[in-house]
Amino acid sequence: MNLSDIRAELKSRVAKGLNFGVEAMEEVLDPSSNLYNDFILLKSKYNDLMYVSSINTLPYDQIELGLDRLRKALMDMIDRIDEASLKKQQVEQGLKVQALPTRRTNFFKLLDIHFQNLESITYVEIYGNDITEEAKGRDAIFKIYQGMRRKLRGKTDDGEIIAFFRDYFEHDVGPFEVYFKNIRHLLAYVLESEVERQFFLDTLKSLFSRYELAMILYYALAETGPGFREAARESNLIDNSVKELLIKEEHLAFLSINR
């Protein structure tokens with residue numbers, strides 16, 4: 001491979017996933033190169049960011065910003081490669097899969113966090129001074145969503161309906177806020193790399209009941225969480241199975257409309 005081909009192949013690996021770009025760069029870069037220290041610093045930052053993302057201690061927009069900066073730094077480094085920087089003149093064909101166990105581990109850690117968040121959602125019905133009904137997890141979401149449907153019965157104005165959900169989510173400071181943030185984190189993590197994307201997406205789609213998906217749709221349409229609507233649309237997370245549960249069936253199509 002000539003130098004321009006090597007650069008092009010390295011950039012194509014970055015496009016497939018930052019982890020693959022980092023691996024491919026390490027494969028061809030000579031440790032005695034002037035670029036090597038910069039690369040080690042970048043790789044260290046990448047590993048630290050992946051660890052932080054796996055334990056859900058940073059908002060996803062901060063993680064996304066960090067990943068974008070690392071991508072740009074890696075692309076700039078690729079542009080600075082010269083013949084003397086290379087220990088080999090070829091990038092191995094086919095993606096290396098060393099990162100897949102780590103990606104799977106991180107993915108399933110995020111799923112564990114999702115289920116913890118789900119179980120923290122509660123529904124309590126009180127009559128007088130007595131608790132007459134309690135639920136948590138999926139049952140709580142079912143009851144909360146059914147209550148919303150009753151409140152919106154007979155409403156036909158799309159703006160009014162979506163504003164109702166927006167008001168609910170903007171004033172919710174409880175478990176729902178964390179629940180949706182982690183779903184957005186999961187979606188973004190799955191979409192970040194094309195390798196095993198379908199496996200991750202299929203797994204993710206199997207997690208949600210239809211009532212959860214309906215609630216997720218209205219959270220996306222309310223645009224309370226930055227980037228959530230785009231991630232839900234790109235992942236095709238919500239399918240036709242929710243239509244009969246929506247306040248208006250045509251609301252499902254709203255997700256595909258760019259704002």
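The values are calculated or read from the model by the stated rules, or taken from the named source; none is laboratory data. A quick note: this is a predicted structure, and the numbers were derived from the prediction, not measured. Counting neighbours? That spans all protein chains shown, and the Cβs are built from the backbone with ideal geometry, glycine included.
It is to be established whether one or more residues within the range 186-205 are outside any helix (DSSP H, G or I), outside the structural domain of Gly17 (by TED's automatic domain parsing) and in contact with a helix residue (DSSP H, G or I) (Cβ under 6 Å, 6 or more places away or on another chain). Can you show your working first?
Filtering the range 186-205 down to residues outside any helix (DSSP H, G or I) leaves 192-196.
If we keep only those that are outside the structural domain of Gly17 (by TED's automatic domain parsing) as well, we get 192-196.
After this cut, where a residue has to be in contact with a helix residue (DSSP H, G or I) (Cβ under 6 Å, 6 or more places away or on another chain) as well, the list is 194.
Yes; the residues of the range 186-205 include at least one that is outside any helix (DSSP H, G or I), outside the structural domain of Gly17 (by TED's automatic domain parsing) and in contact with a helix residue (DSSP H, G or I) (Cβ under 6 Å, 6 or more places away or on another chain).
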Query raised in the report: Given the residues Leu217, Leu237, which is the only one that is under 27 Å from Arg149 (Cβ atoms), in a loop (DSSP other than H, G, I, E, B) and out of contact with any Ser or Thr (no Cβ under 9 Å at 6 or more places or on another chain)?
Result: Leu237
Query raised in the report: Which residues, counting only those in the range 150-168, are surrounded by 14 or more Cβ atoms within 10 Å (Cβ to Cβ) and part of a helix (DSSP H, G or I)?
Result: Asp158, Ile161, Ile162, Phe164, Phe165, Arg166, Tyr168
Query raised in the report: Taking the range 99-141 as the search range and keeping residues that are under 23 Å from Lys205 (Cβ atoms) and of a type in the set (Asp, Glu), which one is surrounded by the fewest Cβ atoms within 10 Å (Cβ to Cβ)?
Result: Asp112
Query raised in the report: So which residues in the range 203-244 are surrounded by fewer than 17 Cβ atoms within 10 Å (Cβ to Cβ) and of a type in the set (A, V, I, L, M)?
Result: Leu207
Report task. Tell me, yes or no, whether the range 169-184 has at least one residue that is part of a helix (DSSP H, G or I), touching a residue at least 60 places away in the same chain (Cβ under 8 Å), within 29 Å of Arg104 (Cα to Cα) and of a type in the set (A, V, I, L, M). Result -> yes
Query raised in the report: List pairs: first in the range 240-259 and assigned to a loop (DSSP other than H, G, I, E, B) and modelled with pLDDT of 90 or more, second surrounded by 12 or more Cβ atoms within 10 Å (Cβ to Cβ) and hydroxyl-bearing (Ser, Thr, Tyr), Cβ under 9 Å, 6+ apart or cross-chain?
Result: Leu246/Tyr218; Ile247/Tyr218
Report summary line: When every residue in the range 84-132 that is assigned to a helix (DSSP H, G or I) and among the β-branched types (Val, Ile, Thr) is compared, the one modelled with the lowest pLDDT is Thr102
Query - Answer from Gly21, Gly17 - the residue that is in contact (Cβ under 8 Å) with a residue 24 or more places away in the chain, surrounded by 13 or more Cβ atoms within 10 Å (Cβ to Cβ) and on the phi > 0 side of the Ramachandran plot - result: Gly17
